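S.K.: What follows is a structure written as structure tokens; I'll ask about it next.
The values are calculated or read from the model by the stated rules, or taken from the named source; none is laboratory data. Since the structure is predicted, the reported quantities are computational estimates derived from the model, not experimental observations. Every residue, glycine among them, receives a Cβ derived from its backbone with ideal geometry; neighbour counts consider all protein chains shown. Calculation scope for accessible area: heavy atoms of the full protein, side chains included, ligands and nucleic acids excluded. Shrake-Rupley method; radii C 1.70, N 1.55, O 1.52, S 1.80 Å.
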Amino acid sequence: MDSITVATTPFDDQRPGTAGLRKRVEVFTQPHYLENFVQATFNACFPRNSTLVIGGDGRFFNDRAIQTIIRLGAAHGISRMIIGQHGWLSTPAAANLIARTDADGGLILTASHNPGGPKGDFGIKINVRGGGQASATVAEEIWQHTTNLQSYRKLDGPDLDLEQVGERGFHGMRVQIVEPVDDYCDMIEQLFDFDRLRALITSGFRLRFDAMHAITGPYAKRLLEDTLGAPAGTVLNARPQVDFGGGHPDPNPVDAAALVEFMNGEDAVDFAAASDGDGDRNMILGPGLVVSPGDSLALIAAHATTAPGYRDGLAGVARSMPTARAVDRVADDLGIPCYETPTGWRFFASLLQSERISLCGEESFGTGSSHVREKDGLWAVLFWLNIIAVSGRSVSELVHDHWSRYGRDFFARHDYHVAERERAASLMAALEANLPTLGGQQAGKLTVDRALRFDYNDPVSGEVTTNQGLIIHFTDGARAVYRLSGTGTGGATLRVYLDRHVTDAQDFDRDRHAMLADTAQAAVQLAELERHTGLSQPSAVI
Ligand code: VG1
Ligand code: CO
């Protein structure tokens, strides 16, 4: 079989966003498009003789993309590829494999929570040694390469069989097809008290896990049903499908509405959870209750030492800037540092790698720890179950205990889908220009305390990342944050994040949207949202 050199014209739209490159399938499947990006990534990060981990969430084009990556990799001189059987690896499982095998990095084929299928989205996350996503600087280098690549080399010939586990040679490259679940489960079993979890689950504690037809199905079945003894059928929508059953695999109250409805109904079980397309997000529910991601992070931090893997305590914690500040209060209490990072897991990876933090999370239903350099949906589920097993408290009791001690941080995210990108950009530019004048300004019932732009200085690498969102603090302590999404594939999504801390127990069970109504109104008014976007209502309230 020969390697052929293909002349290409570079693309100008391959700048990695919040989590790699994400585009519509029809864009990714254009001639040379995938090849251009993968070869640019090799040229920037993975020289000859590198070892790479490859796998994806099973969405449409996952298998074809892997075959292309194998052909490019072999021609480039990659020495070894470790590939998940069927082409499957969840994002945390891939990060785990990169670390365990001491690989130079990996390519994770996923567009995470974005819909899949021929009309859906595809994406590639680029992870580096240790398992974390490429830094902003490395992503920039990759992008530079995408804009001037003139040719790539590719092997010709038949596909490699991704079904048969084992090691074989492929034109000078060693290819190892690995069972995708085993290593991940071995790692997770070190962190939690599996005897206790088994005792809880076999004692009649009822749970449900919704894999949303995405990659966590096989992982959840193995852990919850096969290992911990939950009855068959505990894991719903467990078979990964190329189009995720036509759904939007994002574990939030809007996209997982059926699970929320079930937990609000008469048949509600003691505990429910869901994960996303690539298995790195999680939503935790109790009867009649969705735990907010900020609360989940804070509660895990407060109970961390009750899990075997965290017995020695936490070095520190971190949350993304738009995430509500509940974990800050726990960190304060524990006397450990709390870092505030831009949105995107790569910023946590550097803090985790340098052991400044042991736990971190973001408002988009992502939680994780030092165990891998990506967020991890099933890990969070098991952590919650461990906390329930040790404390003997229900989800609702745990959350209410937490609020009684620290107060409750109400949180909501209002997304505005703006068809023309420029209009969203002009809102951000105008608001940024106005920031210095906002202090003291009245907006509805609220008064602005101060307003600022969020720039981040990575304490480990010194890398500076500017313009990561605009923040308005109000005098009542509430906050509105604005930023543009970096994972969309059409138009722009303006995210407006609202949070408000209350300490009066009478307010704890009030409706969160009612509690945030004044903040939402002030946020809309101060940014002149309707004038800029033409939208009078959010497109989605999460
Ligand atoms: C979104 C979330 C962000 C998350 C990112 C990747 O980014 O808001 O918190 O890190 O998706 O998540 P954005 O730029 O659209 O707000 V995943 O589950 O795709 O790895
Ligand atoms: Co994801």
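S.K.: Extending each Cα 7 Å along its Cβ direction at Gln30 and Glu420, get the distance between those two points in nm, one decimal.
M.R.: 2.3
S.K.: Would you mind classifying region 95-158 by shape? Square roots of the alpha carbon gyration tensor eigenvalues, ordered a ≥ b ≥ c; an a/c under 1.5 is rounded, otherwise it is prolate if a/b is larger than b/c and oblate if not. Walk me through the numbers before you get to the answer.
M.R.: Details: a/c = 1.29, a/b = 1.08, b/c = 1.20.
Rounded, because the longest to shortest axis ratio a/c is under 1.5.
S.K.: Which of the lysines could be linked to Lys125 by a straight reach, that is with a Cα gap under 20 Å, when you skip same-chain ones fewer than 8 residues away?
M.R.: Reachable lysines: Lys23, Lys375.
S.K.: Mind ordering 231-237, 20-26 by average Cβ neighbours within 10 Å, highest first?
M.R.: Details: 231-237: 15.9, 20-26: 21.4.
So the peptides 231-237, 20-26, ranked by packing, come out 20-26, 231-237.
S.K.: What would the Debye equation give as log₁₀ I(q)/I(0) for the chain at q = 0.05, 0.06, 0.08 Å⁻¹, counting only Cα atoms as equal point scatterers?
M.R.: -0.19, -0.28, -0.50
S.K.: Between region 317-378 and region 2-26, how many Å separate their Cα centres?
M.R.: First find each Cα centre; the distance between them is then 31 Å.
S.K.: Helix-only estimate, please: 222 nm mean residue ellipticity of the chain, summing -39500 (n - 2.57) across DSSP H runs of length 4 or more and dividing by its residues, to the nearest 500.
M.R.: -9500 deg cm²/dmol
S.K.: What is the spin-label model distance, in nm, from Ser391 to Asp455 if the labels are put 7 Å beyond Cα along the C-beta direction?
M.R.: So the label points at Ser391 and Asp455 sit 4.1 nm apart.
S.K.: Moving to a separate point now. Scan region 314-416 for GluC sites (Glu not before Pro) in coil per DSSP, keeping those whose Cβ has at most 13 other Cβ atoms within 10 Å, and list them by number. List each step's numbers first, then the result.
M.R.: Numbers: sites: Glu340, Glu355, Glu362, Glu363, Glu374, Glu397; in loops: Glu355, Glu363, Glu374.
Loop-located and lightly packed - Glu355.
S.K.: Would you please classify the overall shape of region 18-144 from the alpha carbon gyration tensor, given that a ≥ b ≥ c denote the square roots of the eigenvalues, rounded means a/c under 1.5, and beyond that prolate means a/b larger than b/c while oblate covers the rest?
M.R.: Note, shape of region 18-144 comes out rounded.
S.K.: Report the relative contact order of region 78-142, percent, no decimals, based on alpha-carbon pairs under 8 angstrom and at least 6 residues apart.
M.R.: Once normalised by length, the contact order is 29 percent.
S.K.: Give me the percent relative contact order of region 339-496, please, defined on Cα pairs under 8 angstrom at least 6 residues apart.
M.R.: Details: 198 pairs, mean separation 30.0, N = 158.
Computed value for region 339-496: 19 percent relative contact order.
S.K.: Just order 239-248, 433-442 by mean Cβ neighbour count inside 10 Å, highest at the front, would you?
M.R.: 239-248, 433-442
S.K.: For a test of the definition: using alpha carbon positions, the gyration tensor, and the 1.5 limit on a/c, classify region 193-311 as rounded, prolate or oblate.
M.R.: Taking the square roots of the gyration eigenvalues as a ≥ b ≥ c, region 193-311 is rounded.
S.K.: I need the peptides 320-326, 144-150, 127-133 ranked by packing, meaning the mean over residues of other C-beta atoms within 10 angstrom, with the highest value on top.
M.R.: So the peptides 320-326, 144-150, 127-133, ranked by packing, come out 320-326, 127-133, 144-150.
S.K.: Using only protein heavy atoms and a 1.4 Å probe, report how much of Arg208 is accessible, in Å² to the nearest 10.
M.R.: For Arg208, the solvent-accessible surface is approximately 70 Å².
S.K.: On a full-extension model of 0.36 nm per residue, what is the gain between Gln525 and Ala540, subtracting their alpha-carbon distance, rounded to one decimal in nm? Intermediate values should be presented prior to the final figure.
M.R.: Details: separation 15, 0.36 × 15 = 5.40 nm, distance 1.82 nm.
Between Gln525 and Ala540, full extension yields an extra 3.6 nm.
S.K.: Just report the Cα centroid separation between region 390-449 and region 67-122, whole Å.
M.R.: 35
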